[in-house]
1. Can you find a residue in region 35-55 that is closer than 30 Å to Arg262 by Cβ and modelled with pLDDT under 90?
2. In region 211-236, what residues are surrounded by fewer than 19 Cβ atoms within 10 Å (Cβ to Cβ) and more than 21 Å from Gln249 (Cα to Cα)?
3. Mind checking which pairs have a first residue in region 274-295 that is in contact (Cβ under 8 Å) with a residue 24 or more places away in the chain and closer than 16 Å to Met191 by Cβ and a second that is among the aromatic types (Phe, Trp, Tyr) and assigned to a helix (DSSP H, G or I), Cβ under 6 Å, 6 or more apart or different chains?
4. Taking region 123-162, which residues are of a type in the set (A, V, I, L, M, F, W, C) and modelled with pLDDT of 90 or more?
5. For region 185-207, how many residues meet the condition of being touching a residue at least 40 places away in the same chain (Cβ under 8 Å) and farther than 19 Å from Gly255 by Cβ?
6. So which of Ala87, Ala62, Ala58 is modelled with pLDDT of 85 or more and either buried (at least 16 other Cβ atoms within 10 Å of the Cβ) or touching a Lys or Arg at 6+ places or on another chain (Cβ under 6 Å) (or both)?
7. Consider region 267-289. How many of its residues are surrounded by fewer than 15 Cβ atoms within 10 Å (Cβ to Cβ) and farther than 16 Å from Lys154 by Cβ?
8. Restricting to helices (runs of 4 or more DSSP H) lying wholly in region 158-207: which have 1 or more residues that are within 14 Å of Arg257 (Cα to Cα) and outside the structural domain of His275 (by TED's automatic domain parsing)?
Amino acid sequence: MAIEAKKSFTDKLEQRLGDFIPANQVAPIMAAVADTLELFSLTEVSPEASGPDDLLDAYLSALTVEGRSQKTIDRYAYIISRFMAYAGVPTRQVSVYHLRSYLAAEKARGIADSTLEGYREIFSAYFNWLQRESLIEKNPTTNLGAIKCPKKQKQTYSEVDLEKLTQGCTRIRDKAIIHFLSSTGCRISEMVELNRDAVDLDHLECIVHGKGDKERVVFLDAVAAMYIRDYLATRSDDNPALFINHCNQRMQPGGIRDMMVRLAGAVGVDHVHPHKFRRTLATDLARRGMPVQEVAAILGHEKLDTTMKYIVQDKDDTKQSYRRYHG
């Protein structure tokens, strides 16, 4: 069992690393991991290991029916399974004390409060669902309070930042990527899945598939369309993907993040990452007066509360609004 568990672990780790770092950096990391694992006995945790019930399977099936993404479902399965293995009791016997003990142990292990709050929300969703379905009598998360997290001031790109990033690109492809993200506010997962035929450069729009495979239209500005058109004119391959790497394969999130890290170091812009473009677009549209419902539609958010978290309220903006409405 230990051999199979180690192989399963290393296979999954190698796959996950490939999403974040270049392939030539994965091999030495995996070699170090393999050497380290020789010192441990490993057992793979599965939903079945959490106790003599199949409640987790039922919950994951419900998430599938609701249209949740496979990535979300896998994350819920992993986090809940780890907790159940720690608790060591069937789901119906879980108490708030098991939950608090687990979260305290994770905190002692160095897990950030924001991550622990994410765990708590997943546990609450799980046990709330079980109670609604009358599969458990008492919800152990009822008295599990929220974990306070320090609020950090979110950052956006300034016009100068975006100009530096553009000028620092050595490939027309990278300029197209920067301006595509800047103008559409797409998630990086949505962008890498795009094909060329989904982008209408004449009408400055494209169709993307977001979380839960929900389709929406996003919009390009003229500059982004120009760079994309120039980039596509350089290609002679038959790959349908909108953006490809040097091997003529569809670009992956890890490759794009790696490109941005190198670009940020070259031009001196701090905290460059794909998701920051979404926050920048949301903030810019809100400052220009676009109703938050329309901003939410562009970002692909179902809840306005989620969109509001993306909008960075500047102190000067608040002051100007106060002066406008209060004499």
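The values are calculated or read from the model by the stated rules, or taken from the named source; none is laboratory data. Only a predicted model underlies this, so the values are computations on that prediction, with no experimental measurement involved. With ideal geometry, Cβ positions are generated from the backbone for all residues, glycine too; neighbour counts draw on all protein chains shown.
1. So far as region 35-55 goes, yes, one or more of its residues are closer than 30 Å to Arg262 by Cβ and modelled with pLDDT under 90.
2. Residues satisfying the conditions are Lys211, Gly212, Asp213, Lys214, Glu215, Arg216, Val217, Phe219, Asp221, Ala222, Val223, Met226.
3. Hits for this filter: Arg279/Tyr310.
4. Correct list: Phe123, Ala125, Phe127, Trp129, Leu130, Leu135, Ile136, Leu144, Val160, Leu162.
5. Qualifying residue count for the region: 4.
6. Criteria check complete, one pass: Ala87.
7. 3
8. Those helices (runs of 4 or more DSSP H) do not exist here; none qualify.
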